[in-house]
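A.B. asks: The structure follows.
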Amino acid sequence: MKSAGIFRGMVMGLAALGVCLSGAATAAPPATKPVVHDVALMGEGDLVGQLVDAQGVPLGGVDVVLLLEQRPLGAARTDANGGFAYRGVQGGVYRLTAANETGVYRLWAPGTAPKGTPTMALVTAGDPVVRGQCYTNDYCYQYQHCHTGLGRAKFMLSNPWVVSGIVATAVAVPVGIHNADRGGTPASP
């Protein structure tokens, strides 16, 4: 009889843990800051770049728009190798938009960029390549946490069928234990 009470307490504790973890799994992932790419301007403020897809294949014949504070400054069409260029650009923070993708770029005036800053803007368009098993869960997809034990638990607990199974077990097991402890046959009214 005492072991049934201990077992009941363990089951209830696990059920409570499952409910708590399911809430953590469905919580919104933390907001991320946009990635800012540094590029050193060349010559008299020449911005040179290349537009590629997610697999690195150059995209030709696509307009690349240069924006300053949401104001378009111009558009350059890519060549067959995905290359584009702007002349007379001043240093500052700009956006490059191409093929429905936008990137933020900090352009350094000629001679002012930190050592090792690239002299070419690489703009990637299209969906990123997805490898592994996290293709349906936004948290795993964005933050690549599927490889950790906690990440797998969050991934599993984000499935409503798994959560429903945990809740059903948390209700059914104590009821079954309670009914088994009553002993004998049930009396009819």
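A.B. asks: Is it the case that residue 70 is farther than 15 Å from residue 104 by Cβ and at pLDDT below 90? Steps first, please.
C.D. replies: Working: farther than 15 Å from residue 104 by Cβ: no; at pLDDT below 90: yes.
So residue 70 fails the test.
A.B. asks: Please identify the pairs in which a residue from the range 97-124 that is farther than 17 Å from residue 83 by Cβ and touching a residue at least 24 places away in the same chain (Cβ under 8 Å) has its Cβ atom under 8 Å from the Cβ atom of a residue that is surrounded by 13 or more Cβ atoms within 10 Å (Cβ to Cβ) and among the acidic types (Asp, Glu), counting only partners at least 6 apart or on another chain.
C.D. replies: Taking only residues 6 or more apart or on different chains, the pairs are 106/38; 108/38; 113/38; 114/38; 117/38.
A.B. asks: Go through the range 75-127 and give me each residue that's of a type in the set (S, T, N, Q), surrounded by 15 or more Cβ atoms within 10 Å (Cβ to Cβ) and in a strand (DSSP E or B).
C.D. replies: 97, 124
A.B. asks: I've got another one for you. State yes or no: is residue 54 within 24 Å of the chain's Cα centre (by Cα) and either without any contact (Cβ under 8 Å) to a residue 60 or more places away in the chain or under 25 Å from residue 112 (Cβ atoms) (or both)?
C.D. replies: Numbers: within 24 Å of the chain's Cα centre (by Cα): yes; either without any contact (Cβ under 8 Å) to a residue 60 or more places away in the chain or under 25 Å from residue 112 (Cβ atoms) (or both): no.
For residue 54, the condition - within 24 Å of the chain's Cα centre (by Cα) and either without any contact (Cβ under 8 Å) to a residue 60 or more places away in the chain or under 25 Å from residue 112 (Cβ atoms) (or both) - is not met.
A.B. asks: A further question on this structure: Can you find a residue that is among the small types (Gly, Ala, Ser), modelled with pLDDT under 95 and out of contact with any strand residue (DSSP E or B) (no Cβ under 6 Å at 6 or more places or on another chain) anywhere in the range 95-107? If you could, list the steps in order and put the result at the bottom.
C.D. replies: Residues of the range 95-107 that are among the small types (Gly, Ala, Ser), as a first pass: 98-99, 103.
Among the residues that remain, those that are also modelled with pLDDT under 95 are: 98-99, 103.
Filter again for out of contact with any strand residue (DSSP E or B) (no Cβ under 6 Å at 6 or more places or on another chain), leaving none.
There is no residue in the range 95-107 that is among the small types (Gly, Ala, Ser), modelled with pLDDT under 95 and out of contact with any strand residue (DSSP E or B) (no Cβ under 6 Å at 6 or more places or on another chain).
The values are calculated or read from the model by the stated rules, or taken from the named source; none is laboratory data. A quick note: this is a predicted structure, and the numbers were derived from the prediction, not measured. Heads up, the Cβs are rebuilt from the backbone with ideal geometry, glycines too, and the neighbour counts pull from every protein chain shown.
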